[in-house]
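Engineer: Take this structure first; my questions come after.
The values are calculated or read from the model by the stated rules, or taken from the named source; none is laboratory data. Computed from a predicted model, the values in this text were never measured in an experiment. Reconstructed Cβ throughout: ideal geometry from the backbone, glycine too, with neighbour counts over all protein chains shown.
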Amino acid sequence: MVAAYVLAAFCMVFAFFKAFFGAKEQYYKEIACKSIASVLFVAVGILACAKAGGNKPYVWLMLGGAVLGLIGDLFLGVDDITESKQSKDFVSYLGVIFFFLGHVSYICAFSMLDNHVPWIIAFAVILPIAYVLVGKKFTRVFDNKARGIFMIIYFLALGANVALAISHAAAMEGGVMPALMIAGSVLFALSDSLLGISSFAKGNFLPKSVSGYAVILTYYPAQLLLMLSIFFMA
């Protein structure tokens with residue numbers, strides 16, 4: 001586990017520099033730091049999966065979620081250096097789709113855990129409802145019907161991650177693994193909420209430099225906590 005903690009620390013260092021260079025609009029340096037940080041959280045996941053045993057479907061689904069996140073990061077990383085609006089939109093949409101698939105992979109993994117309190121899972125709807133209420137008032141996301149529907153589904157996936165993590169924690173009556181799952185899922189939801197609101201805000205929701213730090217310094221801890229949770233599988 002020591003190696004995983006070292007990699008996690010380096011991941012956060014590169015994540016900070018990703019936000020730093022993004023705020024200064026030094027996009028090539030930003031992409032390099034972001035790519036390294038993303039590779040590092042996948043590396044933490046690989047170490048965790050090797051420790052937990054690579055023959056378990058849960059392990060592969062968790063690692064798959066991290067890899068899909070890495071691919072999403074690569075697509076979203078190049079949108080700032082893409083010249084045409086059409087190309088920029090295309091790579092951005094691809095990035096979001098891969099992130100969504102990553103969340104689906106985490107949902108499948110969490111669902112495979114033996115212990116749950118089923119009624120808690122119903123709270124998954126809270127996050128998309130909240131996003132609709134906030135989005136309609138403060139953003140332009142619902143100006144496009146198809147985009148609005150997709151974002152509702154996306155936030156339902158985020159809510160499902162949080163609800164499943166809490167459900168498992170309640171059934172297990174605590175524990176390190178459920179605590180890391182909850183913390184990672186909540187931070188992921190916070191990061192994507194900030195990104196989803198600031199990207200389509202009607203006004204100046206947050207200065208780009210501030211939102212850049214807020215999104216990245218919640219996103220990378222989220223991925224790392226989810227990967228580290230694998231070490232504590234019963």
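Engineer: Checking the conditions here, which among Ala9, Ala50, Ala32, Ala4 is in a helix (DSSP H, G or I) and crowded, with 18+ Cβ neighbours inside 10 Å?
Structural biologist: Step by step, each of Ala9, Ala50, Ala32, Ala4 is checked, and only Ala4 is in a helix (DSSP H, G or I) and crowded, with 18+ Cβ neighbours inside 10 Å.
Engineer: Take the conditions closer than 19 Å to Ile152 by Cα, surrounded by fewer than 17 Cβ atoms within 10 Å (Cβ to Cβ) and touching a residue at least 40 places away in the same chain (Cβ under 8 Å) and apply them to Phe123. Does it pass?
Structural biologist: yes
Engineer: So is Tyr28 among the aromatic types (Phe, Trp, Tyr) and over 25 Å from Phe150 (Cα atoms) or not?
Structural biologist: yes
Engineer: How do the pairs read when you match residues in the range 141-169 that are within 19 Å of Ser105 (Cβ to Cβ) with residues anywhere that are aromatic (Phe, Trp, Tyr) and buried (at least 22 other Cβ atoms within 10 Å of the Cβ), using Cβ under 6 Å and keeping only pairs 6 or more apart or on different chains?
Structural biologist: What qualifies is Phe155/Tyr131; Asn161/Tyr106; Leu164/Phe110.
Engineer: Of the residues Val117, Val141, Val96, only one is of a type outside the set (Phe, Trp, Tyr), at pLDDT below 95 and under 18 Å from the mean Cα position of the chain (by Cα); which? Working first, answer last.
Structural biologist: Details: Val117 fails: under 18 Å from the mean Cα position of the chain (by Cα); Val141 fails: under 18 Å from the mean Cα position of the chain (by Cα).
Just a single option satisfies the conditions, and that option is Val96.
Residues checked against (1) part of a helix (DSSP H, G or I); (2) modelled with pLDDT under 95; (3) within 15 Å of the chain's Cα centre (by Cα):
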site: Leu127; (1), (2), (3): yes, yes, yes
site: Leu133; (1), (2), (3): yes, yes, no
site: Ala171; (1), (2), (3): yes, yes, no
site: Met177; (1), (2), (3): yes, yes, no
site: Leu206; (1), (2), (3): no, yes, no
site: Ile216; (1), (2), (3): yes, yes, yes
site: Tyr220; (1), (2), (3): yes, no, yes
site: Phe231; (1), (2), (3): yes, yes, no
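Engineer: A further question on this structure: Which residue is modelled with the highest pLDDT, if the candidates are limited to the range 55-66 and must be in a helix (DSSP H, G or I) and surrounded by fewer than 18 Cβ atoms within 10 Å (Cβ to Cβ)?
Structural biologist: Trp60
Engineer: Under 7 Å by Cβ, and 6 or more places apart or on different chains, what pairs join a residue from the range 49-73 that is closer than 23 Å to Gly22 by Cβ with one that is of a type in the set (D, E, K, R)?
Structural biologist: Short answer, once both residue conditions are applied: Asp73/Lys34.
Engineer: State whether one or more residues within the range 51-59 are in contact with a Cys (Cβ under 9 Å, 6 or more places away or on another chain) and either within 21 Å of Tyr213 (Cα to Cα) or basic (Lys, Arg) (or both).
Structural biologist: Yes.
Engineer: Related question: Inspect all residues belonging to the range 90-100 and state whether any of them is aliphatic (A, V, I, L, M) and loosely packed, with under 14 Cβ neighbours inside 10 Å.
Structural biologist: First, pick out the residues of the range 90-100 that are aliphatic (A, V, I, L, M): 91, 94, 96-97.
If we keep only those that are loosely packed, with under 14 Cβ neighbours inside 10 Å as well, we get none.
No, that holds for no residue.
Engineer: From Ile166, Ile197, Ile153, which residue is assigned to a helix (DSSP H, G or I), surrounded by fewer than 17 Cβ atoms within 10 Å (Cβ to Cβ), out of contact with any His (no Cβ under 6 Å at 6 or more places or on another chain) and of a type outside the set (Gly, Ala, Ser)?
Structural biologist: Criteria check complete, one pass: Ile153.
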